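Enquirer: Okay, handing you the structure first.
The values are calculated or read from the model by the stated rules, or taken from the named source; none is laboratory data. Owing to the predicted nature of the structure, the values given are computational and were not obtained by experimental measurement. Positions of Cβ are generated from backbone atoms using ideal geometry, with glycine treated the same way; all protein chains shown enter the neighbour counts.
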Amino acid sequence: MIKKIQNRILLFRIFIIKKLLLFLGFIDIRGHWIYAPGLNSDSVLIDLGANLGEFSKSVNKLYDNKCYLIEPNFELFKNINDCALKLNVAITSKDGIVKFNMSKNHEASSLIFNFENKWGHEDALMVEGISWKTCLNRLNLIDSKINILKIDIEGGELDLIESFTDADLKKIDQLTIEFHDWINWELHTRTISAIKKLISKGYLFFSSTPNHLWPLEIVFIKREQMSLSIIQKINLYLLSKIMFLKY
């Protein structure tokens, strides 16, 4: 009975947090939060770990914006349509051929050995890995503002975030990231460090996730990108008090 009451309180708290996020201008697209105000047809979205491209398609349907998709799994990659440009590569800390561990759950394939075993190992493929700088060069975006960077690369987000320079982050307005220490607890310390790094570079962070034992979705947005009314600022303060994650 106590457990049931606790679960109901938890779900109600998640419900309130999501309502506050929506009021502040965030929207939830396929499990990833993004800050919508200011997005338009000129906005640039880079989708790392695009899978079949459904996230980018949903954003593009709303804003008719520019989408660039990165997906290392060729079976998924070949079925991605309707995007500005797509690359069949993995994002890594440096350029080179890397082993891509295929899971029976194709959303969980990873560069990290044994990460995919939660759902069962299927195969291992050698794929091209490229750094963030090489990625931007290939997409012809080296000098461009990135309005949304979506990162869902099954543990590889930590190498990427650790490799970001101040100059890299200066060009990125917001990042919507799924962290994966909930699958592999050995990633937990690095996950906390990665989150703190982004906060230290001027990003505000928002999440409706209760803790690191759940699928951890966090959106980071540059403080100056948020234009809020007085009522929204009050709601932002309230959200900061009841949001689960504290850093």
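Enquirer: Name every residue in region 29-48 that is within 19 Å of residue 215 (Cα to Cα) and surrounded by 15 or more Cβ atoms within 10 Å (Cβ to Cβ), in order of residue number.
Expert: If the condition is that a residue be within 19 Å of residue 215 (Cα to Cα) and surrounded by 15 or more Cβ atoms within 10 Å (Cβ to Cβ), then 29, 32, 33, 34, 47, 48 are the ones that fit.
Enquirer: Let me ask another. Tally the residues that are outside any loop (DSSP other than H, G, I, E, B), within 14 Å of the chain's Cα centre (by Cα) and not hydrophobic (A, V, I, L, M, F, W, C), restricting the search to region 1-53.
Expert: Within region 1-53, residues that are outside any loop (DSSP other than H, G, I, E, B), within 14 Å of the chain's Cα centre (by Cα) and not hydrophobic (A, V, I, L, M, F, W, C) number 4.
Enquirer: On to the next question. Among the residues of region 53-76, what is the count of those that are of a type outside the set (Gly, Ala, Ser), modelled with pLDDT of 90 or more and surrounded by 17 or more Cβ atoms within 10 Å (Cβ to Cβ)?
Expert: Total satisfying the criteria: 13.
Enquirer: Could you go through region 83-93 and let me know if any residue there is of a type outside the set (Lys, Arg), surrounded by fewer than 20 Cβ atoms within 10 Å (Cβ to Cβ) and more than 27 Å from residue 133 (Cβ to Cβ).
Expert: No.
Enquirer: Another one. Can you report the number of residues in region 120-157 which are at pLDDT 95 or above and part of a strand (DSSP E or B)?
Expert: The total comes to 5.
Enquirer: For region 160-193, name all the residues that are among the polar types (S, T, N, Q) and surrounded by 19 or more Cβ atoms within 10 Å (Cβ to Cβ). Spell out the reasoning first.
Expert: Taking region 160-193 and keeping what is among the polar types (S, T, N, Q), we get 163, 165, 174, 176, 184, 189, 191, 193.
Across region 160-193, the qualifying residues are 174, 176, 191.
Enquirer: Tell me, please, whether a residue that is surrounded by fewer than 15 Cβ atoms within 10 Å (Cβ to Cβ) and either of a type in the set (Lys, Arg) or within 16 Å of the chain's Cα centre (by Cα) (or both) can be found in region 223-231.
Expert: Yes: one or more hits.
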